[in-house]
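Derivation of every value follows stated rules applied to the coordinates shown; laboratory data play no part. Keep in mind the model is a prediction, meaning the values are calculated, not measured. Note that we place each Cβ from the backbone using ideal geometry, even for glycine, and neighbour counts take in every protein chain shown.
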Amino acid sequence: MKLSNLRKRALSAGSALNALALVGAGAGVAAIAAAPAHAQDYTNITASGRVVSVDGTPVSGATVTVVSDDQGFSRTATTDGSGTFRLVQLPPGDYTVTIVANDYETYSESIALSQSSAANQFALVPSNYAGEIVVTAGRSKIIDFERTTTGLVLDVAELAQRVPVARDLTSIIELSPGVSAGDSAFGNLASISGSSVSENAYYVNGLNITDFRKGLGSATVPFDFYETVEVKNGGYQAEFGRATGGVVNATTKSGSNEFHGSVLFNYEPDDLRSDSPDTRNPLTGDSLYIDNSLDNRERIDTVVQLSGPIWKDRLFFYGIYNHRDVKTGGGIATANRYDETTTDDPFYGGKLDFVPFDGHRFEGTYFNTEGVQTTKSFAYDPETDEIGDYLSSELLEYGSENYVGRYTGNFTDWFVFSAAYGKSKLRENTVPQDQTTPYSVDNRSGTPLVIGNPSAIIEIAEDEREFYRFDADFYVDFLGSHHFRAGYDNEKLTSDNRVLYTGNVVWNYFTAGADDNYAPEGTDYASGRTFISGGIFQTENEAFYIQDNWSLLDNRLQLQLGLRNDRFVNKNADGDVFYASGDQWGPRLGFTLDAFGDQRTKVYGSFGRYYLPIPSNTNIRLAGAEFDLERYYELDGVNADGSPILGDALIGFDGSAPCYDTGIDQCENISDGTAVDTRAAASQDLKPQSVDEYILGGEVRVGDRWKFGLFGTYRSLNRSLEDAAIDAAVNAYCDSEGLDCTNSNGSDIWSGFHQYVLINPGDPQTITLSDPVNGESELRTVSFSAEDLGYPAAKRTYKAITATFDREFDGVWSLSGSYTYSQTKGNIEGGVKSDNGQDDSGITTDFDQPGFTYGAYGYLPNHRAHNFKIFGAYQATDWLLLGANAKVSSPRKFGCIGRIPSSVDAYATLYGGYAWYCNVDDNGDIITSGSVPSGTTTLTPRGSRFESDWLTQLDVSAVVSLPTDFDAKLRLDVFNVFNSKAELDFEERGTLSNYQPRNTYGLTTGYQTPRYVRVQLQVGF
């Protein structure tokens, strides 16, 4: 008899059912609300349940045992006087659950427990049952009541098998409701719940792999290494933090007691890829503005995986090797250049699991993503598509090593302890092909001629995160049942950021003229400049938290009571602290209610306050050091590589003493490498960015496969951090106090953009002035009100209603989807600025001058009013599996960015075109050609002028199981089947620095990804 039919017949028989019992018929039938698996921390889950008789009497002393089908270890719990049990901190996987109780038949079944929070109920049949209605043991799924988190949990291997999805993390994230694609200027990243792409946190096996320099994504994990990916859109508990967007929590594959291996061949040919349209400018004779005609994209992956036991039931391994061959190319019309990029370095990684004895586990994860991307540049005529002479080469050194170790110990059935340690590294070093030969320019003929190395700059950008954390779980029965979880974690972040010259020097060659300051007339001489900017910057983040999951009213009501404390410390290049946040308390409160007592309908709500650390990009920009030295020599000749043959040092400088000690200007030491004084760089009242979030929703399970949900989300930005010019406020202060704030020339020191300070816009700020005033020797510290500074509060709100549905795969078909209606408004996007593609997290132009905030409030770049998603699969035959993935999202809105009139903000107009002001004709349209009177631009607010196209896309796949003795599959995916060409991004700048129209305003700069095809062949055992 099917379980659903059993339930109906039992109800008709008038049986009294406990709220947590699966139904039975007749006296003495017991049920177990077992194994609601929920994401307990970054990697593990908890199985818990309750055994009761049909009349509601708890069944104590029942033994519940789970045995891992993959790794052989077992865990056992005994129900207490209330009939409840729990099995805590289990790794996700397949388990055989066995339930033994006196006077009941033994029940045993293999089930999957994962972070997807699948909850189950099991029916037990009494051994002496002699009822009129025949009953059998069985299982049905219920709703997990221990979660208030919104988002999505996906088994990556199953998803990739059934649904057409690109082989990158962002494509998985974008399946989650309330997630949209971010601006392409920042790469392939996602905006979660209205936040900017720089506000998300990424974890793999508990290791934080987030890019902490700018917040732009994370360390790359080989796609096939993923086991599960959980996207936490909101409502996450106190152990998760350092994000004001979403949290992406992933786990990797592990080994088991059986050997498994596979080889995957993945091919995305350029011949089967369409090109996006070109963009031409009708105001310049239809000249090319964006050139996509010669775009070339081709990718080949070979992925080898192997796993199995080293010591059966105790020690297991998993390994992956991913060789990649990626080639891209494209013309840059505005630069008459064609770039060709290649990379062929592999990814590899692995995981070890050691279970010395049941209840204790050691895990170690390692992956290496180091590689070099080579870009070769050629001369290019975009009108004829002719590729000409080679110009230069540049290397991008990316990726690095990452590892994490973790111990979990179940000491009793009420106490669990875990500890972890690891390092995550990132690098993006931009270096030329030749790093040792200096860049040299020969100016002796009167026309500068580059000789030798064509590249001058080396950019070093290397980051390392070292962390450790401790967590403890306590289970207590007092006025209901409590699961207390508490923990502490500490991150030490190091950013190495340096800009220097190839060969550590740039040479310029001159022939001295009659009035030359560096050598006698007619003398050939060389000037060599050594320049190094940046330094090594350190940041420390720490947090502790406590969370109580409190179950009341026979588990019908659960309260989530959490509190998190974050602390952030940022240092300059000399290691001195320039910002310490102090205690930042973030409550995490929530509830779930079993509305009808059948564990199939849940009402839930939550409130959370989230904090975002200051990115190390802020340290680099505000608190760096600079060494700048230039020296002069007679030039006796030039070597074949362009380097000089040096003669005597000019005007007495022999290189034996620091040039600032010589007292001459022929050796110039502009900067001595000391970090800048940061006292004036940040407000003394500075607080980190934070967001408040409210969620209210419901979820219902229908039958054994369907689940429906509806929830609303409201997010509000409490404050943001931005660098802001305070010159107007300082000058007003000097006037009011009667102070002399001029320099030795009698000009204002604060001349419009002299002092930039990291502030919380809209809050009072205590600021140390950058220069002495009134003839004083010490720097003054002044308290400014928000009105003094002239900046409004940073604002951003996200309001959304989301409907979801999910039909689980039953061997035949599955279907999942969501619809989100939302509004994202404000005067700041977040850490980045999509309007002009600025990725200076915390130091965008949004609040550089008060005038830049005029008209800035409106629909933000990540606003998408409507967002539809649906994906699923159909097993057409035993050998053919079909999949589809569709998405539709509404347009992005644009304004017009230009130069503010001096009559509106005299300081802001000095800074150029970053204000929401453009030239408008009598019809209200933006003027893009001709000439207009200077200073007559008009306010053109954010999101008020035009919008992009709707994005509509359908991807399809077909997987054919080949008739072989081993597991072999051939797969074909077609992305963007109808080759939709939505125009998604545009030139939003409409006014030049001289107030004249910009003729490229409104031209398309970004299109929907064109149709492309992927072919896969996979064999395994």
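Express in nm, to one decimal, how much length is gained between TRP879 and LEU559 on full extension, taking 0.36 nm for each residue of separation and deducting their alpha carbon distance. Intermediate values should be presented prior to the final figure.
Details: separation 320, 0.36 × 320 = 115.20 nm, distance 4.75 nm.
Here the answer is 110.4 nm.
Which length gain, in nm to one decimal place, applies between ASN979 and ARG444 when the Cα-Cα distance is subtracted from 0.36 nm times their residue separation? Don't skip to the end; give the middle numbers.
Numbers: separation 535, 0.36 × 535 = 192.60 nm, distance 5.55 nm.
Length gained, ASN979 through ARG444: 187.1 nm.
I'd like to know which of GLY285, GLY851, LEU113 lies farthest towards the positive end of the charge dipole of the chain, counting +1 on Cβ of Lys and Arg and -1 on Cβ of Asp and Glu.
Ranked along the dipole, the leading option is LEU113.
Which is farthest toward the positive dipole end of the chain among THR220, VAL450, SER193, measuring Cα position about the Cα centre, with Cβ charges +1 (Lys, Arg) and -1 (Asp, Glu)?
Of the options given, the answer is SER193.
Compute the relative contact order of the range 724-789 as a whole-number percentage, counting only Cα pairs closer than 8 Å that sit 6 or more residues apart in sequence. Provide the component values of the computation, followed by the final result.
On the way: 86 pairs, mean separation 22.0, N = 66.
Worked out over the range 724-789, it gives 33 percent.
Rounded to the nearest 500, what is the 222 nm mean residue ellipticity of the chain from helices alone, with -39500 (n - 2.57) per DSSP H run of 4+ residues and division by all residues?
Working: 7 runs with 49 residues, N = 1021.
Computed mean residue ellipticity for the chain: -1000 deg cm²/dmol.
For VAL304, project a label point 7 Å along Cα to C-beta. Then give me every residue of the range 995-1021 with its amide nitrogen under 20 Å of that point.
Those under the cut-off are 1016-1021.
Per 20 Å bin, what percent of the C-alpha pairs of the chain does each bin hold, from zero upward?
So the P(r) values, bin by bin, are 11, 38, 34, 13, 3, 0.
Where Rh is the Kirkwood radius over the Cα pairs of the range 907-1021, the temperature 4 °C and the viscosity 1.567 mPa s, what D in µm²/s does Stokes-Einstein return?
Details: Rh = 18.3 Å.
Answer from the Stokes-Einstein relation: 71 µm²/s.
What is the dipole size for the range 434-682, taken about its Cα centre, with +1 at each Lys and Arg Cβ and -1 at each Asp and Glu Cβ, in debye to the nearest 20?
Working: 18 positive and 40 negative charges, 362 e Å.
So the magnitude is around 1740 debye.
Neighbour counts of other C-beta atoms within 10 Å: give me SER393, SER180, SER262 arranged from fewest to most. The partial results should precede the final answer.
Details: SER393 15, SER180 23, SER262 19.
If I rank by nearby Cβ atoms, fewest first, I get SER393, SER262, SER180.
How tilted is helix 3-12 with respect to the longest principal axis of the chain? Cα atoms for both, answer in degrees (0 to 90, nearest 10).
On a 0 to 90 degree scale, this one is about 60.
Would you kindly calculate the mean projected area, averaged across all directions, of the convex hull enclosing the Cα atoms of the range 318-373, in square nanometres?
It is 5.6 nm².
Magnitude of the Cβ-charge dipole of the chain, K/R +1 and D/E -1, about the Cα centre, nearest 20 debye?
Details: 79 positive and 136 negative charges, 1080 e Å.
Around 5180 debye, computed over the chain.
Note down the Stokes-Einstein diffusion coefficient of the range 724-789 in µm²/s, whole number, using a Kirkwood radius over alpha carbon pairs, 4 °C, and 1.567 mPa s. Mind showing how you got there, number by number?
Details: Rh = 12.1 Å.
So the translational diffusion coefficient is about 107 µm²/s.
Compute the distance from the alpha-carbon center of the range 381-437 to that of the range 581-631, in whole Å.
24
Taking just the C-alpha trace of the range 434-682, give me its Rg and Dmax in Å.
30.6, 97
For the range 508-549, what are Rg and Dmax over the alpha carbons, in angstrom?
Rg, Dmax (Cα atoms, Å): 27.6, 84.
Take every Cα-Cα distance within the range 272-378, group them into 10 Å bins from 0 onward, and report for each bin the whole-number percent of pairs it holds.
Calculated P(r), rounded to whole percents: 12, 26, 20, 16, 12, 9, 4, 1.
Which semi-axes, in whole Å and largest first, does the equivalent ellipsoid of the range 828-960 have when worked out from the alpha carbon gyration tensor as the square roots of 5 times its eigenvalues? Write out the running numbers ahead of the final one.
Details: eigenvalues 388, 59, 23 Å².
The answer is 44, 17, 11 Å, longest axis first.
Can you list the aspartates and glutamates whose alpha carbon sits under 17 Å from that of LYS492, skipping same-chain ones fewer than 8 residues off?
Once the sequence-local aspartates and glutamates are set aside, what remains near LYS492 is ASP211, GLU401, GLU462, ASP463, GLU464, GLU466, GLU540, GLU542, ASP566, ASP574, ASP576.
Give the cross-link partners of LYS799 among the lysines, using a straight C-alpha distance below 30 Å as the criterion and excluding same-chain residues fewer than 8 apart.
LYS799 reaches LYS214, LYS232, LYS602, LYS687, LYS707, LYS825, LYS833, LYS869, LYS887, LYS893, LYS981.
Which one of ILE620, THR63, ALA982 is farthest out on the positive end of the charge dipole of the chain, using unit charges on Cβ (Lys, Arg +1; Asp, Glu -1) and the Cα centre as origin?
Sorting the options by dipole projection puts first THR63.
Give me the angle, in degrees from 0 to 90, between the Cα long axis of helix 727-737 and the longest principal axis of the Cα atoms of the chain, rounded to the nearest 10.
With both axes taken from Cα atoms, the answer is about 70 degrees.
What is the set of long-range amide H partners of GLN755 at a cut-off below 5 Å, with H atoms built 1.01 Å from backbone N?
Excluding prolines and chain starts, which carry no amide H, the hits are ILE726, ASP727.
Sorted from fewest to most neighbouring beta carbons within 10 Å, what does the list THR220, THR797, THR43, THR210 look like? Provide the component values of the computation, followed by the final result.
Numbers: THR220 18, THR797 15, THR43 29, THR210 25.
Lowest count first: THR797, THR220, THR210, THR43.
Quick one: Karplus J couplings for the range 61-66, per residue in order, coefficients 6.51, -1.76, 1.60, θ = phi - 60°, nearest Hz, x for Gly and Pro?
x, 6, 9, 10, 10, 10
Based on other C-beta atoms within 10 Å, arrange THR79, THR928 from fewest to most. Provide the component values of the computation, followed by the final result.
On the way: THR79 23, THR928 20.
In increasing order of surrounding Cβ atoms, one gets THR928, THR79.
Quick one: if the Förster radius is 51 Å, what FRET efficiency do SER274 and ASN128 give, using the C-beta to C-beta distance and rounding to 0.05? List each step's numbers first, then the result.
On the way: r = 70 Å, r/R0 = 1.38.
With a Förster radius of 51 Å, E is 0.15.
Please report, in debye to the nearest 20, how large the charge dipole of the range 724-789 is about its Cα centre when each Lys and Arg carries +1 at its beta carbon and each Asp and Glu carries -1 there.
Numbers: 1 positive and 11 negative charges, 29 e Å.
Here the size comes out at about 140 debye.
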